[in-house]
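Reading through the structure tokens given below for one structure.
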Amino acid sequence: MLYDIFYPLSSDYSFLNVFRYITFRSAYAGLTALGLSVLMGGMMIRMLRKFQIGEKIREDGPKSHTAKSGTPTMGGLLILSTLVASTLLWADLSKSYIWVVLLAAVGFGLIGFFDDAMKLKKNEGMSARTKIVLQILLSVAIGSYLIYIDPARSDYVTRLYVPFFKTFQPDLGDWYLLFIVVTIVGTSNAVNLTDGLDGLAIGPIIIAMITYTAILYLCGHLKFAEYLRIQHIKEAGEVAVLSSAVVGASLGFLWYNAYPAQIFMGDVGSLSLGGILGTLAVIAKHELLLFLVGGIFVIEALSVIIQVGYFKFTGGKRFFKMAPLHHHFEHSGWAESKVIVRFWIIAVVLAMISLSTLKLR
Ligand code: 57M
């Protein structure tokens, strides 16, 4: 919105030319979302307490978690509202990718919202089947737009870029839609599984979003893309403004979600943030790199698959002390804050390795 108002005036007032730059708008989109979420966070926590929108803790979990009972939840609404407001303010809204990512944010957010609301009202959320069908439908809509409608992607759209390989780019053809769906739905659910300790999901989300902000900016910039020999994706750079707003909104949420948490994000936050991350990876055509950038989410999801598989296969034996993996470490005697910070450290290392792949090919 500010872009539409101020950039046209730059012919009369040259200092308004800064509104042209994605770097400038990304920085202020991040700061605006951060400011808004820190400012609104306290108010929201008071409101959630007033309406008794608090977490019901499962009895089969680690004992230390019973003290968290009643912690205000659905803090994802804070993340969503501030990132959307900041994006509408700072992004060039004529670029379609902005709307694609906003659709992912709000769509996955709505699925999570109804799930949270049902859990609060009836103690039981949406059925796993309904949730997954809705997630798939939304991802099919996003994937179909990018493959069949988006005019900017044309010939390279179904080719897959493989980290560390310069020329090996298999063309998935029509299977690419399925690949997009698996990427977006998988990321959304993996973030949801990770969100089980204070700040555990939001830390790696911030790190992964910063990484993709850099990647989006680079692949949207013709010269950098040529220099790095990555696919130049016209208009992807603008999405960096949005992902920067996600970073800001998430940092503001972390202010309150840091151990000991005053608020949880709920499914409205975790499903939406995962949906956004998956969509960003697809738009940047760095989908496989998400395994590395979002390695923490991958490990957490894998731990659940291994635990459930092993449990069924052995007729009741456990591979980990408890799944997802963070519970295993809690049961091994690690303090909650230690698990969280160590997972963050691993996320930073993975992000650094991921960025190195831009040149290592
Ligand atoms: C939901 N939700 C947290 C909060 C958050 C297939 C199965 C393994 C699935 C899995 C599952 O349901 N995972 C997804 C994870 C919950 O947090 C809420 O949920 C939102 C995110 N969806 O925003 O609203 C609890 O996590 C804690 N928490 C914090 N701080 C935070 O900032 O401490 C969350 C955010 C909160 C709070 O205690 O209540 C969750 O963990 O439930 N299932 C499991 O995760 C269960 N694992 C399990 O059953 N494993 C089995 C195997 C054989 C399948 C086993 O290993 O025994 C565990 N979940 C819990 N307790 N709560 C088991 C123990």
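The values are calculated or read from the model by the stated rules, or taken from the named source; none is laboratory data. Note that this is a predicted model, so its numbers are computed, not measured. Cβ atoms come from the backbone with ideal geometry, glycine included; neighbour counts cover every protein chain shown. Ligands, DNA and RNA are excluded from the accessible area calculation, which covers all protein heavy atoms including side chains. Shrake-Rupley method; radii C 1.70, N 1.55, O 1.52, S 1.80 Å.
Of the trypsin sites (Lys or Arg not before Pro) found in the range 303-355, those in coil by DSSP whose Cβ has at most 14 other Cβ atoms within 10 Å are 317, 318, 321. Classification of the range 236-276 by its C-alpha gyration tensor yields an oblate form. The axis ratio a/c (a ≥ b ≥ c) is 1.5 or more, and b/c is at least a/b. Look at the alpha carbon pairs under 8 Å that are at least 6 residues apart: their mean separation over the length of the range 253-361 gives a relative contact order of 22 percent.
Computed over neighbours whose Cβ is under 13 Å from that of residue 261, the net charge equals -3, Lys and Arg +1, Asp and Glu -1.
Within the shell of other residues whose beta carbon sits under 14 angstrom from the beta carbon of residue 213, the net charge comes to 0, with Lys and Arg scored +1 and Asp and Glu -1. Listed by chain and number, the aspartates and glutamates whose C-alpha is less than 18 Å from the C-alpha of residue 285, apart from same-chain residues fewer than 8 away, are 150, 155, 171, 174, 226, 235, 238. Rounded, prolate or oblate for the range 255-309? Axes are the square roots of the Cα gyration tensor eigenvalues, ordered a ≥ b ≥ c, and the cut-off for rounded is a/c under 1.5. Oblate shape, in that a/c is at least 1.5 and b/c is the bigger or equal ratio. Calculated on the alpha-carbon coordinates, the convex hull of the range 114-172 measures out at 134 cubic angstrom per residue.
Highest mobility in the GNM of the chain, judged by mean-square fluctuation with C-alpha springs under 10 Å and restricted to 314, 32, 66, is found for 314.
Rg over Rh for the range 121-271 works out to 1.01, both radii taken from alpha-carbon positions and Rh defined as the Kirkwood radius. Helical runs assigned H by DSSP (4 residues or longer) give the chain a calculated mean residue ellipticity at 222 nm of -21000 deg cm²/dmol, each run adding -39500 (n - 2.57) before division by the residue total. Treating r as the C-beta distance of residue 123 and residue 93 and R0 as 51 Å, the FRET efficiency rounds to 0.80. Taking every C-alpha pair closer than 8 Å and separated by at least 6 residues, the mean separation divided by the residue count of the range 106-154 gives a relative contact order of 28 percent.
Probing with 1.4 Å while keeping every protein chain in the model, the per residue accessible area of the chain equals 47 Å². Of the residues 259, 310, 145, the one that moves most in a GNM of the chain with alpha-carbon contacts below 10 Å is 310. Per the Debye calculation on the range 55-190 with a single equal scatterer at every Cα and no solvent contribution, log₁₀ I(q)/I(0) for q = 0.09, 0.13, 0.20, 0.21 Å⁻¹ amounts to -0.40, -0.76, -1.24, -1.30. If the segment from residue 46 to residue 159 were pulled out straight at 0.36 nm per residue, it would be longer than the present Cα-Cα gap by 35.8 nm.
Pairs of Cα atoms nearer than 8 Å and 6+ residues apart set the relative contact order; for the chain it is 25 percent.
Each residue of the range 342-354 is assigned a 3J(HN,Hα), and the resulting list reads 5, 5, 4, 4, 4, 4, 5, 4, 5, 5, 5, 4, 4 Hz, derived from the Karplus form 6.51 cos²θ - 1.76 cosθ + 1.60 (θ = phi - 60°), x at Gly and Pro. Which shape class applies to the range 1-100: rounded if a/c is under 1.5, otherwise prolate when a/b exceeds b/c and oblate if not, where a ≥ b ≥ c are the square roots of the Cα gyration tensor eigenvalues? Prolate. Where is the GNM fluctuation largest for the chain (alpha-carbon springs, 10 angstrom cutoff): 333, 248, 125? Comparing 333, 248, 125 in the GNM, the peak value goes to 333. Computed from backbone phi, the HN-Hα couplings of the range 256-266 come to 9, 8, 4, 4, x, 5, 9, 7, 10, 7, x Hz, rounded to whole numbers (Karplus: 6.51 cos²θ - 1.76 cosθ + 1.60, θ = phi - 60°; Gly and Pro given as x). When you filter the chymotrypsin sites (Phe, Trp or Tyr not before Pro) in the range 7-88 for DSSP loop state and at most 14 other Cβ atoms inside 10 Å of their Cβ, you are left with 13, 21, 51.
For the residue pairs 63/338; 119/338; 122/338; 63/317; 95/121, the C-alpha atoms sit more than 28 angstrom apart in 119/338; 122/338; 95/121. Calculated on the alpha-carbon coordinates, the convex hull of the range 191-288 measures out at 83 cubic angstrom per residue.
Computed over the chain, the P(r) curve from all C-alpha pair distances, binned at 10 Å from the origin, holds 5, 24, 34, 24, 10, 2, 0, 0 percent per bin.
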